[in-house]
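First the structure, in the form of structure tokens, and then the observations on it.
The values are calculated or read from the model by the stated rules, or taken from the named source; none is laboratory data. It should be emphasised that the depicted structure is a prediction, and the values quoted were computed from it without experimental measurement. When we count neighbours, we look across all protein chains shown, and the Cβ atoms used for this are built from the backbone with ideal geometry, even at glycine.
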Amino acid sequence: MRFLPRAFVISLLILIVAPTVVSQDLSERQQLAIFALSYFGQPEPPPPPEVQIEIRGRRGSLTIELRGTGRQSYDGLFTRAFASLDQQIQSTFLQLGRFDIIGFEQRLTAESVSEFVSMLRDYQATSVEVPEAVLLGRQTFTEDDFRELAGGYVVVVPSVSWYSLIQDDSGQFVAEMETSFTFIDVEDMQTFDQFFVTTTGIDESPEAAVRDAVQDVPSELTFRIRSMEAFQLRSGVLEVNGREIALEFGRNMGLQPGDEYAIVGERVLPNGYIATSETGLIVIREVQQQFSYGYLVYANPAAQPGDQLREIPRRGVDASIYYNVFTNGIDTASVVGVRGTGSRGFFQLRPHAALEVPFRGLVGDSLLPLNLLVGGEWNLYAGRIRLTPSAAVGVGGAIPLSDDPSYESFYLSHIGGQIRAEGSLLVTRDIYINVDVGLGYWIGLAQDVPTALSGPLSSYGGLIIGGGITLK
């Protein structure tokens, strides 16, 4: 309940202060028209019988290439998977919150975009009456379609430009696909951006491999859209209360806890050019419908109402590389690990997972030990300094690298866990350096193992001391 009065105050600030802050450049919702996903190998439907006319632009008509992996059963897997991807693409744009979207059933390939632009330009220039149904290549358009597109939308053309499915020497299926996204500004009839998202899926089942490759597209697509200058959110500071910042936009524009915004300053150079620089960093901690609260990590000069803010796109996972030493006063074990921590959608409490390689008593190159941990952490901020207590549990395994027939192909070697406290210093906008202390213990599970492996597969643990770096 304590947030209700503040929400009322912030709403008033939006109405009263924002119009007077002329220096702020605030984003507006953009209109997108998203075509259906096209792909090589897609079915080639016959023209509708009621279509009797074909319109050609200055550069010719639209065409769609039909190609696939060369194997009908494999192409069928991708055909079914692409039906799901078509929906995921539109959902990704919707979930970003900053767009008003209309969907088109027509499919255009990336190669035919220039021809489509030429035809739409012809329609705008001639203003002729269009027949009830028009066939452009094999895609049917109506006059309503042209009229709606001519209303100022940004057109998005997704197309799977390449895919393959092979079975490697180990028997695993490897699915790879490349999806292109082309963006057209209808107002000036220009293609202003294009990028490719390449994904891979690996599984013993070909269906699962293809599904994994498809399901990886939305997360990468989200990051790439947020990285486009045309779509990056521009916000502004509404209120400053110590390190608490109230800023423009909330759920209405798709903000999430953990999102980061840079405070942007401007200065006029002697030649008249305007130079911009980042002078501060804000992390979103709470999101309301039309505004949000953020934590001020740093600012120089001090943050003020009216400051310009610009979105910093992140992939949503902070990656840490660390080196730890376990010691009980007698035995010592070294551990090298990588940890991924969920950041977008989280502020203080965040989930994480880690993969570690413990180096303890290895016999030459005979064993590759691995620990997998999952857990959570609680982040306490003090400006650039962050204190992070955490806990995790996990399992350990070992893969023998020797041809010795007495070795099994895999040992489930340990179960264990750890608690730790990490102190971090933000040295740049994107990098923390970390120092770790904690306690951990791994209980050995393997029984009846060869003598050479009894040491590496035994229990170990104790005090944890170490450090590393975190890349945001």
### Task
Go through Leu247, Leu221, Leu281, Leu255 for me and flag whichever is out of contact with any Gly (no Cβ under 7 Å at 6 or more places or on another chain), assigned to a strand (DSSP E or B) and not β-branched (Val, Ile, Thr).
Leu281
### Positions within segment 253-309 being charged (D, E, K, R) and free of Cβ contacts under 8 Å to residues at least 24 places away in the same chain, in sequence order
Arg267
### Task
Sort through Glu239, Glu248 and tell me the only one that's of a type outside the set (A, V, I, L, M) and either in contact with a Pro (Cβ under 7 Å, 6 or more places away or on another chain) or in the same structural domain as Arg384 (by TED's automatic domain parsing) (or both).
Glu239
### Query
In the list Ser205, Ser180, which residue meets the criterion of being closer than 26 Å to Ser91 by Cα and of a type in the set (Ser, Thr, Tyr)?
Ser180
## Note on the structure
Matching residues in segment 253-273 (touching a strand residue (DSSP E or B) at 6+ places or on another chain (Cβ under 9 Å) and either among the hydroxyl-bearing types (Ser, Thr, Tyr) or surrounded by fewer than 16 Cβ atoms within 10 Å (Cβ to Cβ) (or both)) number 5
### Task
Determine if segment 277-298 includes at least one residue that is touching a Pro at 6+ places or on another chain (Cβ under 7 Å) and of a type in the set (A, V, I, L, M, F, W, C).
yes
### Message
Can you find a residue that is within 21 Å of Ser458 (Cβ to Cβ) and within 24 Å of the chain's Cα centre (by Cα) anywhere in segment 312-332?
### Response
no
### Query
Residues in segment 410-433: is at least one farther than 30 Å from Ile312 by Cβ, of a type in the set (A, V, I, L, M, F, W, C), in the same structural domain as Ile465 (by TED's automatic domain parsing) and touching an Asp or Glu at 6+ places or on another chain (Cβ under 8 Å)?
no
### Query
Of (1) in contact (Cβ under 8 Å) with a residue 40 or more places away in the chain; (2) within 24 Å of the chain's Cα centre (by Cα); (3) part of a strand (DSSP E or B), Pro358 satisfies all except one. Which?
(2)
### Message
So in segment 151-185, with the set limited to residues that are among the charged types (D, E, K, R) and in contact with a strand residue (DSSP E or B) (Cβ under 7 Å, 6 or more places away or on another chain), which one is farthest from Ile202 (Cα to Cα)?
### Response
Asp185
### Task
Sort out which residues of segment 149-179 are buried (at least 20 other Cβ atoms within 10 Å of the Cβ) and closer than 28 Å to Ala230 by Cα, and write them in order of number.
Leu149, Tyr153, Val155, Val156, Val157, Pro158, Ser159, Val160, Met177, Thr179
### Message
Suppose the filter is more than 17 Å from the chain's Cα centre (by Cα) and either surrounded by fewer than 15 Cβ atoms within 10 Å (Cβ to Cβ) or farther than 12 Å from Ser164 by Cα (or both); does Asp212 pass it?
### Response
no
### Task
Among the candidates Gly467, Gly444, Gly375, single out the residue that is over 16 Å from Gly340 (Cα atoms) and either basic (Lys, Arg) or in the same structural domain as Gln348 (by TED's automatic domain parsing) (or both).
Gly444
### Message
If Gln87 satisfies all but one of (1) modelled with pLDDT of 85 or more; (2) of a type in the set (S, T, N, Q); (3) over 26 Å from Leu165 (Cα atoms), what's the number of the condition it fails?
### Response
(3)
